[in-house]
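J.: Here's a structure for you.
The values are calculated or read from the model by the stated rules, or taken from the named source; none is laboratory data. This one's a predicted model, so the numbers in the text were calculated from it and none came from an experiment. Here the Cβ positions follow ideal geometry from the backbone for every residue, glycine too, while neighbour counts run over all protein chains shown.
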């Protein structure tokens, strides 16, 4: 019953147009409209009937596709279902726009002074059509990009993406733009042409499974083997880990520290983020309590320079250095720690 009333609500405006057109025709037939206004009444009635038919067909097509999308959304949003929803939704928006333009063009063909406009909308020819095409180039580019997205699907609804440095989920794909919901609930509106023409990251195009990496800058005395065991312990206790793998590798060795990378897998981007935070927090806490010497530190060698005549040349720092050191020893009785 609910669907039936929704069906009727979609036909309310077209039915009103038909009633008005019938009223105009009836008034003309019964001679209630002056002779000089009868041609205009005929044009108005034809215009309203064509508009009503086009509106009704377009609206019913839109309703049918929306119903199909709703049925798909009741299922588990697997990769295949999200692909189908994205394709149908893009086609629905394009079909509504084409239906509206076709209805307007067909209705204008019955109006003498606007017939050429209607024909131009159908044929897309002539100087006016070229001018409109040039002016609407960005709109057409986004429309074509929407068709490309529907067929090739570089991005789908609910995909996890990184666009312009912003991480989030694809919330909406319209005719001209994509709405990305960021992690802090902001909305990033991206033109469809940007998605087609510029690179972006899609973390869930083929699969939602993703690897999370955590980097630690540690001292050379870091217990790497013990860290591997601790990583396994952290991952096994975490609900965000999918159980596939977790490993630690030393990825770089620099002058003052080493870079240790912890890599663990998760079922999706949300769980990967949670898992990375858990690994980072628990590993740092464990190192601070059990292996504080593994944390980054700066080393400095204290050098006691001799001030006698037999001192090594490498320890001499310039004229007057020995005199200054000797004076410092006589005044304080000890060598300054800065020297």
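J.: Listed residues 275, 231, 188; which is modelled with pLDDT of 90 or more, outside any strand (DSSP E or B) and under 30 Å from residue 170 (Cα atoms)?
T.: Residue meeting the stated conditions: 275.
J.: Would you please name the residue that is nearest to residue 176 (Cα to Cα), looking only at residues in the stretch 146-164 that are modelled with pLDDT of 85 or more and not in a loop (DSSP other than H, G, I, E, B)?
T.: Among those residues, the one meeting the criterion is 163.
J.: Do we find that residue 266 is within 30 Å of the chain's Cα centre (by Cα), modelled with pLDDT under 95 and crowded, with 17+ Cβ neighbours inside 10 Å in this structure?
T.: yes
J.: Every residue in the stretch 192-213 that is buried (at least 16 other Cβ atoms within 10 Å of the Cβ) and in contact with a strand residue (DSSP E or B) (Cβ under 7 Å, 6 or more places away or on another chain), please.
T.: 192, 195, 200, 202, 203, 204, 209, 210, 212, listed by residue number.
J.: Could you give me the residue pairs with C-beta distances under 7 Å whose first residue belongs to the stretch 194-222 and is assigned to a helix (DSSP H, G or I), whose second residue is at pLDDT 90 or above and surrounded by fewer than 16 Cβ atoms within 10 Å (Cβ to Cβ) wherever it lies, and which are 6+ apart or on separate chains?
T.: Filtered contacts from the stretch 194-222: no entries.
J.: While we're on this one: Name the one entry in 246, 237 that is in the same structural domain as residue 282 (by TED's automatic domain parsing) and within 26 Å of residue 162 (Cα to Cα).
T.: On inspection, the qualifying residue turns out to be 246.
J.: Does residue 238 qualify as being touching a strand residue (DSSP E or B) at 6+ places or on another chain (Cβ under 7 Å), part of a loop (DSSP other than H, G, I, E, B) and closer than 29 Å to residue 158 by Cα?
T.: no
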